Amino acid sequence: MSDEVLEAYIRGYIEGCDAEVITFCWHGGEPLMAGLEFYRKVIELQRKYAKNKRIENTLQTNGVLLNDSWARFFADNSFLIGISIDGPKSVHDANRLTRFEEPTFDKVIEGLECLKRAGVEFNTLSAVSSASAGHGVEIYNFLKSLGSHYMQFLPVSEHTKVVEGYSRSVICAPDDEQGQMAEWSISARDYGCFLIEIFDEWVRLDVGTYYVQIFDATLARWCGVAPGVCSMGENCGDGMVVEYNGDVYSCDHFVYDHHKLGNVLNDDLRSLYHSARHFEFAATKYSSLPAKCTKCLWLNLCNGECPKHRFGDKSNSLCSGLQHFFRHTAKAMEFMRECIERELPPSLIMHNP
């Protein structure tokens, strides 16, 4: 990202937000490849345009490039770091290899230790692929052993196609008719079982101590409040993305030409957010639901989940697994909702026979 684009983005985002606390999320690709000097410029520009607003930064990294210099910078500037780690070595290295097909697990652990020594706050993001199937509790307990108290488990459900000039299949858009389910994708059944394995461990031992995003989001929906994660919201559009060249899209899962909203060098971010095109993208999630979704008992919980997982007949590829998870956890969710309504801690469920 050039200095010109970076400044236009930071200025436009701060000026376009009414909130007193503004959070920048640095993602990728791998955001550390931009270099430490890039983020020093980020801090300078944020201070330049902040006025009376408080600025926060989060960054999601695969951890391979982390070292003590990065860790000190993150600690000094109060960055919240997300570490992408899929589980123990055998699970993580099944898919997270370098371009030379070398494993990365040991480097990630070294990077995480740098963060710990510097006192940097971190959480974990784990991609749930076919390699994760049947290892739910093992992965959960491993992440706990690393010191992660906030966990995200994101299902890998992707389509790929053969493209001339590439030595391997490439990921394609959900609506690409040439796409085929990627071999590393998690099946709906395995994903549902994976979540249940972890939930049964968590609800017995860790409520109120360890936080799993999809459990929190599901409980929020049981309580009738926003889930805090866009995949389970009624509409899309709260995860806009600015690319390296300043191009703006409604979602980082739909960075395709026909979804481009504009560019920060030419367009006002606030105007793009309120544009008819962005509104249409956001509303399409609900308006394009298959008929079977509108009749589903669990629609109020998942709202059709993420549109990027809708293939073929537009049904969500994870549907049956999510239904299995919602059925299995319903009784516990009802109990925790009742606790919240009575202003009691949901952790009481651990003492409920």
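The values are calculated or read from the model by the stated rules, or taken from the named source; none is laboratory data. Note that this is a predicted model, so its numbers are computed, not measured. Positions of Cβ are generated from backbone atoms using ideal geometry, with glycine treated the same way; all protein chains shown enter the neighbour counts. Accessible surface is based on the protein model in full, side chains and every heavy atom, while ligands, DNA and RNA are left aside. Shrake-Rupley method; radii C 1.70, N 1.55, O 1.52, S 1.80 Å.
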Report summary line: If we ask which residues in segment 263-276 are touching a Gly at 6+ places or on another chain (Cβ under 9 Å) and under 25 Å from Asp175 (Cα atoms), their number turns out to be 4
Query raised in the report: Got a number for residues in segment 221-260 being at positive phi and within 19 Å of the chain's Cα centre (by Cα)?
Result: 2
Query raised in the report: If you take the residues of segment 284-336 that are in a loop (DSSP other than H, G, I, E, B) and of a type in the set (S, T, N, Q), which of them is least open to solvent (accessible area, probe 1.4 Å)?
Result: Asn303
Query raised in the report: Only one of (1) modelled with pLDDT under 95; (2) in contact with a helix residue (DSSP H, G or I) (Cβ under 8 Å, 6 or more places away or on another chain); (3) among the aromatic types (Phe, Trp, Tyr) is not met by Phe122, so which one is it?
Result: (1)
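Return yes or no: is Val108 β-branched (Val, Ile, Thr), touching a helix residue (DSSP H, G or I) at 6+ places or on another chain (Cβ under 9 Å) and assigned to a helix (DSSP H, G or I)?
Against the criterion (β-branched (Val, Ile, Thr), touching a helix residue (DSSP H, G or I) at 6+ places or on another chain (Cβ under 9 Å) and assigned to a helix (DSSP H, G or I)), Val108 qualifies.
Quick grid of which residues meet (1) within 17 Å of the chain's Cα centre (by Cα); (2) basic (Lys, Arg); (3) at pLDDT below 95; (4) farther than 20 Å from Ser185 by Cα:
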{"site": "Ala127", "(1), (2), (3), (4)": "yes, no, no, no"}
{"site": "Ala131", "(1), (2), (3), (4)": "no, no, no, no"}
{"site": "Gly136", "(1), (2), (3), (4)": "no, no, no, no"}
{"site": "His149", "(1), (2), (3), (4)": "yes, no, no, yes"}
{"site": "Phe153", "(1), (2), (3), (4)": "yes, no, no, no"}
{"site": "Glu158", "(1), (2), (3), (4)": "yes, no, yes, no"}
{"site": "Lys161", "(1), (2), (3), (4)": "no, yes, yes, no"}
{"site": "Arg168", "(1), (2), (3), (4)": "no, yes, yes, no"}
Query raised in the report: Residues that are among the aliphatic types (A, V, I, L, M), open to solvent by 30 Å² or more (accessible area, probe 1.4 Å) and farther than 14 Å from Phe199 by Cα: which strands (runs of 3 or more DSSP E) entirely in segment 121-168 hold 1 or more of them?
Result: 150-155
Query raised in the report: Consider Asn263 against the criteria (1) open to solvent by 50 Å² or more (accessible area, probe 1.4 Å); (2) more than 21 Å from the chain's Cα centre (by Cα): it satisfies all of them except one. Which criterion is unmet?
Result: (1)
Requested in this report: Could you please let me know if Ile349 is in a helix (DSSP H, G or I), touching a residue at least 24 places away in the same chain (Cβ under 8 Å), aliphatic (A, V, I, L, M) and in contact with a Pro (Cβ under 7 Å, 6 or more places away or on another chain)?
Outcome: no
Report summary line: When every residue in segment 337-353 that is in contact with a strand residue (DSSP E or B) (Cβ under 7 Å, 6 or more places away or on another chain) and either over 14 Å from Trp222 (Cβ atoms) or among the small types (Gly, Ala, Ser) (or both) is compared, the one most open to solvent (accessible area, probe 1.4 Å) is Met350
**Report entry** Of the criteria (1) of a type in the set (Asp, Glu); (2) without any contact (Cβ under 8 Å) to a residue 12 or more places away in the chain; (3) touching a Phe, Trp or Tyr at 6+ places or on another chain (Cβ under 9 Å), which one Glu334 fails
**Finding:** (2)
Report summary line: Contact list, first residue from segment 174-190 and farther than 26 Å from Phe326 by Cβ and open to solvent by less than 20 Å² (accessible area, probe 1.4 Å), second anywhere and of a type in the set (Ser, Thr, Tyr) and at pLDDT 80 or above, beta-carbon distance below 9 Å, six or more apart or interchain, is Gly179/Thr160
Requested in this report: Can you run down the residue pairs with Cβ atoms below 6 Å, 6 or more apart or on separate chains, where the first is in segment 86-106 and polar (S, T, N, Q) and the partner is open to solvent by less than 20 Å² (accessible area, probe 1.4 Å) and part of a loop (DSSP other than H, G, I, E, B)?
Outcome: Asn95/Ser129
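If you scan segment 191-240, which residues turn out to be β-branched (Val, Ile, Thr), assigned to a loop (DSSP other than H, G, I, E, B) and either in contact with a Gly (Cβ under 7 Å, 6 or more places away or on another chain) or open to solvent by less than 30 Å² (accessible area, probe 1.4 Å) (or both)?
The one that is β-branched (Val, Ile, Thr), assigned to a loop (DSSP other than H, G, I, E, B) and either in contact with a Gly (Cβ under 7 Å, 6 or more places away or on another chain) or open to solvent by less than 30 Å² (accessible area, probe 1.4 Å) (or both): Val229.
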